[in-house]
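The values are calculated or read from the model by the stated rules, or taken from the named source; none is laboratory data. All values derive from a computational prediction rather than experimental measurement. All Cβ positions, glycine included, derive from the backbone under ideal geometry; neighbour counts span all protein chains shown. Ligands, DNA and RNA are excluded from the accessible area calculation, which covers all protein heavy atoms including side chains. Shrake-Rupley method; radii C 1.70, N 1.55, O 1.52, S 1.80 Å.
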Amino acid sequence: MRRVSVLGAVLLLAFPLVHAGSADIPDWLAVALLLKVPDHSPETDAAVLLDEREVTVEPNGTLLAVCRRALKILRPNGLEEARRLVVASAFDTKILSMKGWSVTEGRKTLRVTIKDIIETGLAPDTLYTDISIKILTVPGAEVGSVVGFEWEEERKPPSLEDVHEFQGRYPVGRSRYALRLRGGWTADAYWVNWAPAEGRRGAGTEPSLLWEIADIPAVEEEPLMPALRALAGRLIIRLQAAQPDDRCFAGWPDIGAWYEGLSRECRTPERGVTEKARALAEGAPDTISRLRALAEFVQKKVRYVAIEIGIGGFRPHRAESILANLYGDCKDKATLLAALLQASGVDSHYLIVNTEKGSVGPGSPPSLYSFNHAILAIRLPDDVPDEGLPAVVRHPRLGRLLVFDPTSPYTPLGRLPVYLQGNTVLLVAGGSGELLSLPYPAPESNLLERRGRFVLAADGTLQGEIEETRRGTLADAGRSALTEATDLERRKYFETFLANFFAGFTVQSDEVRNLHENARDLTFLYRFSVPNYAKAAGGMTIVRPRVVGDKRERLETTDGRPRRNAMDFAGVSEQRDEFTIELAEGFGIEGLPPAADIDAGFAVYRSRTEQRDRTLVYRREYRLLQPTLAASRHDEAVRFFRAMDADQRQSVLLKK
């Protein structure tokens, strides 16, 4: 049950009982030690007893935050994460202090401070950045220990907002967000993935607000669940000044206008960009070919390397500089492509997106920090038909927009990578911004087709070859796995796949076609043999006509509780198999499995096994028509996939 609650004075009166054995822990942690562990499942590794954030807004807009967290470690798997505090400093955020304590059940206490932190960079592909990851680890923690952290932040963000993320993988007993407003500031509160709760106004001379929530359940793991950020509750505070302030955004249009102003000069094509655009377009027979040439250049020739100093975390570098260096991050690659397009007479607009699909939806409150990626929307010229371009979005004012991510190394112009399909983005155009929903393609745009030709020898050995065709996101996955693979790693890829279906086998050859040609279907050819594929049983011989491939999604849970979250299949697709097995002389077919025809609305599955002289012919088709399914349809989905699994396990009876 969700309710607003206050830390009671009774707990404060009880503090001396704890203080006597733990003289070096702060009062707030002493109080937290007395709090009840929130309700949790037996598999829960840790629980948050107290999570609080106290923010003071100074007259100049600086945000000073004091944060506290107390966790109880419940299982050994919770030790590493629960005893570690990870925070980041950047151009707009200073970490002023960090402290940590571990208290064992025998009241033995250990303390660490900011002098004990480990600092590291953001990521291997970040060349220069002022972002520093600070890690504070508390030693001595064990199962049953309570670990407490306290840290202070000073923030001067380009967007005057603050976020309190109060829900996550662990249950939370009490969460508290306090806001003190100085200098005439006011605040608007927005709740995401949580029922709104009223803030309680303070009684002091300075305006203040307090929100408290109790008994926050964990977002527990389920098969095929959406991203954590798409499910977890959080509170967004947007600040408004008494006088006009460029850092105060009232809505998405303000955020779009700010980003367009920040980046406008960076995408202006200068001499080098103009000459490069002309050279890339040379010899292109039509407009779409010219667009592909520009897109492929940025996608393949500009390395992903981030240089983020100061506002550079938001503002791209100049297009001319990006072209000269041939490296940049996502916003740099989008900026260079925008400049090349402009030099070619084609307009484009930034799209800002969160790659964790579901983090932003059509009704999401405005927040600059909702996004982590930049891509581009290209205004299609009139002479370019949009047939065969599932990445086209029709906008009422801007017309046809072709969405393209130049950072995705495998998705060609005209298609969307899996993390963009069905996602919600911020369109930055015309001095404004608006949320835009991206489409899902037709199922056949994400294709997996396997055609196999086999011979079954008299001794039960199966030998043959499969030609596998991949398109769309399924081709992206194959290219991601094999583009940088050695011959040995490529062979291992096919062996790992086949090991799912055979106890013993030998791969005789493998070949990959169109690996580096993103616009074409990706094709695998692999030849293998399987000894003892046909099994003797009671005077009969049993053969599985479905040689490889498992379409089933396993959605069952072990705790028996009702499904809590929607099922996210990541996208739609069409998958087809056709396997022929030529039987050796002496084999006769005694019985064929019945055909399957299962239609669950969100997906369709059909299969049939036939006899053609001495050849078995197995065909099946699986069409996933809906990318997500409500939790209320969980049992229906389980029945569908169980029926599918039963069918794909069917065998043919042979007799000699």
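Within the set of pairs 6 or more residues apart or between chains, which connect a residue that is touching a residue at least 24 places away in the same chain (Cβ under 8 Å) inside region 79-91 to a residue that is in a loop (DSSP other than H, G, I, E, B) and exposed (fewer than 14 other Cβ atoms within 10 Å of the Cβ) with Cβ atoms less than 8 Å apart?
Leu79/Glu142; Arg83/Pro139; Phe91/Ile309
Looking only at region 47-93, count every residue that is within 24 Å of the chain's Cα centre (by Cα) and among the hydrophobic types (A, V, I, L, M, F, W, C) and tell me the total.
The number of residues fulfilling the criteria is 6.
Please pick out the residue among Asp162, Asp215, Asp246 that is within 29 Å of the chain's Cα centre (by Cα) and within 22 Å of Asp92 (Cα to Cα).
Working: Asp215 fails: within 22 Å of Asp92 (Cα to Cα); Asp246 fails: within 29 Å of the chain's Cα centre (by Cα).
Just a single option satisfies the conditions, and that option is Asp162.
Residues in region 346-402 that are surrounded by fewer than 16 Cβ atoms within 10 Å (Cβ to Cβ), closer than 29 Å to Ala277 by Cα and under 24 Å from the mean Cα position of the chain (by Cα): how many?
1
Kindly check whether there is at least one residue in region 66-79 that is in contact with an Asp or Glu (Cβ under 8 Å, 6 or more places away or on another chain) and under 19 Å from Thr186 (Cβ atoms).
No, region 66-79 has no match at all.
When region 140-165 is examined, which residues are found to be outside any strand (DSSP E or B) and of a type outside the set (A, V, I, L, M, F, W, C)? So that I can check it myself, show each step before the final result.
We begin by selecting, within region 140-165, every residue outside any strand (DSSP E or B); these are 140-145, 156-160.
Across region 140-165, the qualifying residues are Gly140, Glu142, Gly144, Ser145, Lys156, Pro157, Pro158, Ser159.
I'd like to verify a number: residues in region 513-522 that are part of a strand (DSSP E or B) and crowded, with 18+ Cβ neighbours inside 10 Å, how many? Please lay out each step first, then the result.
Residues of region 513-522 that are part of a strand (DSSP E or B), as a first pass: 513, 522.
Remaining after also requiring crowded, with 18+ Cβ neighbours inside 10 Å: 522.
Count: 1.
Can you pull out the residues in region 631-656 that are part of a helix (DSSP H, G or I) and either β-branched (Val, Ile, Thr) or farther than 30 Å from Glu582 by Cβ (or both)? Spell out the reasoning first.
Residues of region 631-656 part of a helix (DSSP H, G or I): 631-648.
Result: Ala631, Ser632, Arg633, His634, Asp635, Glu636, Ala637, Val638, Arg639, Phe640, Phe641, Arg642.
I'm trying to understand the selection: among the residues of region 596-636, which are farther than 28 Å from Lys655 by Cβ and aliphatic (A, V, I, L, M)?
Ile598, Ala600, Ala603, Val604, Leu624, Leu625, Leu629, Ala630, Ala631
Restricting to region 601-621, name every residue that is open to solvent by 20 Å² or more (accessible area, probe 1.4 Å), part of a loop (DSSP other than H, G, I, E, B) and in contact (Cβ under 8 Å) with a residue 12 or more places away in the chain. Spell out the reasoning first.
Pass one, region 601-621, residues open to solvent by 20 Å² or more (accessible area, probe 1.4 Å): 601, 606, 608, 610-615, 619, 621.
Subsequent filtering for residues that are part of a loop (DSSP other than H, G, I, E, B) retains 601, 613-614.
Result: Gly601, Arg614.
Among the residues of region 482-512, write down those that are aliphatic (A, V, I, L, M), open to solvent by 50 Å² or more (accessible area, probe 1.4 Å) and either assigned to a helix (DSSP H, G or I) or touching a helix residue (DSSP H, G or I) at 6+ places or on another chain (Cβ under 7 Å) (or both). Spell out how you get there, then give the answer.
The initial filter retains those residues of region 482-512 that are aliphatic (A, V, I, L, M), namely 482, 485, 488, 498-499, 503, 507, 512.
From the residues that got through so far, the ones that are open to solvent by 50 Å² or more (accessible area, probe 1.4 Å) too are 488, 499, 503.
Residue satisfying the conditions is Leu488 alone.
For region 195-218, which residues satisfy the criterion of being surrounded by fewer than 16 Cβ atoms within 10 Å (Cβ to Cβ), of a type outside the set (D, E, K, R) and farther than 27 Å from Pro171 by Cα?
Gly202, Ala203, Gly204, Thr205
Which condition number does Pro593 fail, the rest of (1) open to solvent by less than 20 Å² (accessible area, probe 1.4 Å); (2) outside any loop (DSSP other than H, G, I, E, B) being met?
Going through the list (1) open to solvent by less than 20 Å² (accessible area, probe 1.4 Å); (2) outside any loop (DSSP other than H, G, I, E, B), Pro593 breaks only (2).
Considering only residues that are among the acidic types (Asp, Glu) and open to solvent by 60 Å² or more (accessible area, probe 1.4 Å), which ones fall in region 626-656? Show your work before the answer.
At the first step, the residues of region 626-656 found to be among the acidic types (Asp, Glu) are 635-636, 645, 647.
If the condition is that a residue be among the acidic types (Asp, Glu) and open to solvent by 60 Å² or more (accessible area, probe 1.4 Å), then Asp635 is the only one that fits.
Step by step: first the residues of region 104-137, then only those that are open to solvent by 70 Å² or more (accessible area, probe 1.4 Å) and not in a loop (DSSP other than H, G, I, E, B), then the one that is modelled with the lowest pLDDT. Which residue is that?
Filtering region 104-137 for residues that are open to solvent by 70 Å² or more (accessible area, probe 1.4 Å) and not in a loop (DSSP other than H, G, I, E, B), the one modelled with the lowest pLDDT comes out as Leu127.
Among the residues of region 231-253, count how many are over 14 Å from Gly183 (Cβ atoms) and either surrounded by fewer than 19 Cβ atoms within 10 Å (Cβ to Cβ) or modelled with pLDDT of 95 or more (or both). Break it down into steps so the answer makes sense when it comes.
Within region 231-253, the first condition is being over 14 Å from Gly183 (Cβ atoms), and the residues that meet it are 231-238, 244, 246, 249-253.
Checking which are either surrounded by fewer than 19 Cβ atoms within 10 Å (Cβ to Cβ) or modelled with pLDDT of 95 or more (or both) leaves us with 231-238, 244, 246, 250-253.
Total meeting the criteria: 14.
Evaluate the following for Asp550: is it exposed (fewer than 15 other Cβ atoms within 10 Å of the Cβ) and within 24 Å of Leu624 (Cβ to Cβ)?
On the way: exposed (fewer than 15 other Cβ atoms within 10 Å of the Cβ): yes; within 24 Å of Leu624 (Cβ to Cβ): yes.
Answer is yes for this residue.
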